[in-house]
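Contents: one structure, followed by commentary.
Values quoted throughout were computed directly from the atomic coordinates according to the rules given, and no laboratory measurement underlies them. What you see is a predicted model, and the numbers here were worked out from it, not measured in a lab. Reconstructed Cβ throughout: ideal geometry from the backbone, glycine too, with neighbour counts over all protein chains shown.
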Amino acid sequence: MSNSINAKLKKVLVIGLGQLGLPVAKYVNDKGFDVSGYDISSEAMIRAQEKIGLKTTTSFRNFDIYIICISTHNSSNITSPQIEGLISVTNKISMEANNGSLVSIESTIPNGTSKKIFELLEHRLHVVHAPHRWYSLDEEKYGVNQLRVIGGVNPCCLKLGLEFYAGHSKCDTEISTDEEILNNYNKHENTNTSFIETQQNFNDSNTLSNNNQLESQTYIQSLEIPMHSVSSIEVAELTKIIENSHRYLQIAFAEELYLYCQANNILFSELRDALNTKWNVEILEPRDGIGGHCLPKDTKMFLTSSKMRSKILQSALEVDTLYRDFLTRREKKLITSVDNLTN
């Protein structure tokens, strides 16, 4: 018998079938799992059926794994974070899911959200956060199966998540002892027999693994994605929003450098080419401002993740506003010039 606690976890529900969820569902399906999809939009579900032949459902019952890929931005302002949709989905999972199932949050979320989700699930389900790094413009190189970061609310959550994503439960970080894990769960009134049985399976698998280190590398049906595990789920949450905040800074610096060149009569493209000849310098090309929803939204998530005010990120927001204002003025000036010529 396999020592894996996910040996029977085969049915997967991908929640959210948009730009990220659709390729995730396709990838999971290609790996041989029994996959269904759900989206609040009936049009999105029809598109998933037609495009990748995905089964769709409105019921969350009888699934072993839930992958959440929903948007976390305000529908009326895509640059502002909002998790109401995530909370709504979690409540539905809580009402319909079997105890001990795995919930993987791939959506980008504010720091501390995963544990809130765990609370809403009454500590009955395993919760991990494995933020995506998928890039639509180069899916071949930056697709679903690139190196990912993963964190779990508890060590047994992380173990199960690693087995599902990577095919093994080897952690990059030290995990708690079995006694510590059980003590943690016994603190909660809502802990039930089914979840304790799942935890016992985890303990049994650890015992087998300690007897034979090769057991942890036994093949388990998985997504075969390389994973970097972290010691706390908060680190996984922060990793994603800081990655995008760093990108925001890089673009904002390029925008400010462009404005500097305009003010000092210097050709930006020539200066950029010269700077980028150095091996550790990469000046980006500013375009129409820092657009889309990911970078602005995730930068705001990071700004609100700490009581310490980030002066450099706040300045980056101001730089992007100045750059956009410059582009607007330049466009108006160009339109005026064209109008004068035609008149």
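What to note about this one:
- Magnitude of the charge dipole for the range 238-342, about its Cα centre and with charges confined to Cβ atoms of Lys, Arg (+1) and Asp, Glu (-1), is about 420 debye.
- For the range 28-66 versus the range 117-164, the gap between their alpha-carbon centres in whole angstrom: 18
- Karplus-derived HN-Hα couplings along the range 256-264 (A = 6.51, B = -1.76, C = 1.60, θ = phi - 60°), whole Hz, x at Gly and Pro: 5, 5, 4, 5, 4, 5, 5, 6, 10
- Amide H within-cut-off set for I150, under 5 Å, with H built and near neighbours excluded: H228, S229, V230
- Among M95, M45, M308, M227, a tally of other beta-carbon atoms within 10 Å of each Cβ gives an order, fewest to most, of M308, M95, M45, M227.
- Among the listed pairs K92/K300; K141/K333; K31/K92; K51/K92, those beyond 30 Å (Cα-Cα): K141/K333
- Length gained on full extension, C261 to I40, computed as 0.36 nm times the residue gap minus the Cα-Cα distance: 74.8 nm.
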